[in-house]
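Encoded as structure tokens, the structure appears first; notes follow it.
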Amino acid sequence: MSDPVLPPLPLPPGIRSRMMPGINGLDMHVLEAGEPGRPLLLLLHGFPELAYSWRKVMLPLAEAGWHVVAPDQRGYGRTTGWSDAYDGDLGPFRLFNLVRDMLGLLHALGHTQCVVIGHDFGSPVASWCALVRPDVFRAVGMMSSPFAGPPRIGAAAAKGDVHADLAALARPRKHYQWYYSTREANANMQYAAQGLPAFLRAYYHHKSADWADNKPYKLGGWTATELAKMPTYYVMDLAEGMAETVAHEMPKGEAPWLTDAELAVYSGEYGRTGFQGGLQWYRCGTTGVFNPELELFSGRTIDQPSFFLAGASDWGIYQRPGAVETMNGTACTDMRFCEFIPGAGHWVQQEQPEAVVGKILGFLGGLTG
């Protein structure tokens, strides 16, 4: 049976869509702008997003002389060749294989080097690309999720059970990443009682600067009492799924940075694929099953030019206490800037695209060689 023919995405003029077959077992869907042969700028999305999430910044970056490519990563959108079976093999979704996906994409595009920028869960993928293959990924940008370096050998075994402590609070709570690792998480979101478009509208709103209570600050440590200070989209009420969590914060009407027509792209794609492909990434981290191979890089630093950028209203900056300080002080030895953009929450390149473009172009302009 052949794959269904999907309708074209509603893209800004100048952004092209195509399929690239045979990339590490995937047929990879990419968006691109600018001329092939120019220096490559690779943009990696997070969860629950798509290559489409970069639509507002691709053309200005291409106009500055770059070949800009944003893939639907493994588990997402129109990229095929992955399995969403909950009881299937998680190995294809581990970080080392996600790096291999990007190496395969570069090869297929005819490039031997690039600058890579990742947002949300795309940020650790970009970081590991830079850490593992500094000869290929010559500079790196991290957005909304700071990189505190590879895990220390044996560090996971030393952690206490913060999840039992969260559940034992007077207001029982749970961490969203471990909730995302449960069997029921996908159906809770894909088949949300309020409908998928309403779920996504509330989810995106809740993590944006439009939600007035997004006023992040540093936490004192990885403890239940400190983590419970975060909004419920990070540390959820124990008895609720994510669909119920964000339903409490449903906005009235569309956002200026995410119209109903744009939202329909996300709901259409996730209605077709579900969320499990992206949720597999979280499971790789929460189970810790692949930590031993990541520990091979324990103590190694990112020495290429790097930057960190996030919205000033983004709790993602602080959800891992101390990560920003470690990134700046240890994990990245050539950090060019670490800045927070006013008027943006977690979806910074969609909420404040002009400011993001300006910061990225300033970084790119400072690269040599």
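Just so it is clear, none of the values below were taken in a lab; they were calculated from the coordinates. Predicted model only: the values in this text are computed from it and were never measured. Cβ: placed from backbone, ideal geometry, glycine included. Neighbour counts: every protein chain shown.
Data for the structure
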{"quantity": "The chain, dipole about Cα centre (Lys/Arg Cβ +1, Asp/Glu Cβ -1), debye to the nearest 20", "calculated": "420 debye"}
{"quantity": "Two-site label geometry, His248 and Lys229: point separation in nm, points 7 Å out along Cα→Cβ", "calculated": "1.9 nm"}
{"quantity": "Segment 301-309 - phi-based ³J(HN,Hα) in whole Hz, Karplus 6.51/-1.76/1.60, Gly and Pro as x", "calculated": "10, 8, 9, 6, x, 9, 8, 10, 9"}
{"quantity": "Residues Lys218, Lys174, Lys359 arranged by fewest to most Cβ contacts within 10 Å", "calculated": "Lys218, Lys174, Lys359"}
{"quantity": "Residue order, fewest to most surrounding Cβ atoms within 10 angstrom, among His346, His107", "calculated": "His107, His346"}
{"quantity": "Ratio of Rg to Rh over segment 43-90 (Cα coordinates, Kirkwood Rh, two decimals)", "calculated": "1.12"}
{"quantity": "Set Lys215/Lys359; Lys174/Lys252; Lys174/Lys359; Lys56/Lys207 screened for pairs whose C-alpha atoms are more than 30 Å apart", "calculated": "Lys174/Lys359"}
{"quantity": "Listed residues Asp101, Asp213, Asp314, most fluctuating in the chain (Gaussian network, C-alpha, under 10 Å)", "calculated": "Asp213"}
{"quantity": "Antiparallel bridges, percent of DSSP beta bridges restricted to the chain (to nearest 5)", "calculated": "40 percent"}
{"quantity": "Equivalent-ellipsoid semi-axes of segment 158-277, from the Cα gyration tensor, Å, largest first", "calculated": "27, 18, 11"}
{"quantity": "Computed [θ] at 222 nm, deg cm²/dmol, the chain (DSSP H ≥ 4; -39,500 (n - 2.57); rounded to nearest 500)", "calculated": "-9000 deg cm²/dmol"}
{"quantity": "Pairwise label distance in nanometres, Met335 with Ala85, each label 7 Å out on the Cα-Cβ vector", "calculated": "4.2 nm"}
{"quantity": "GNM flexibility winner over the chain from Tyr282, Tyr217, Tyr270 (Cα, springs under 10 Å)", "calculated": "Tyr217"}
{"quantity": "For P(r) over Cα pairs in 20 Å bins from 0, in percent, calculated from these coordinates, the label among (i) 30, 63, 7; (ii) 29, 55, 16, 0; (iii) 26, 54, 16, 4, 1, 0", "calculated": "(i)"}
{"quantity": "HN-Hα J in Hz across segment 243-259 - Karplus 6.51, -1.76, 1.60, θ = phi - 60°, x for Gly and Pro", "calculated": "4, 6, 4, 7, 4, 5, 10, 4, x, 9, x, 7, 8, x, 8, 8, 6"}
{"quantity": "Selected from His107, Pro197, Phe307, residue furthest toward positive end of dipole (the chain; charges at beta carbon)", "calculated": "Phe307"}
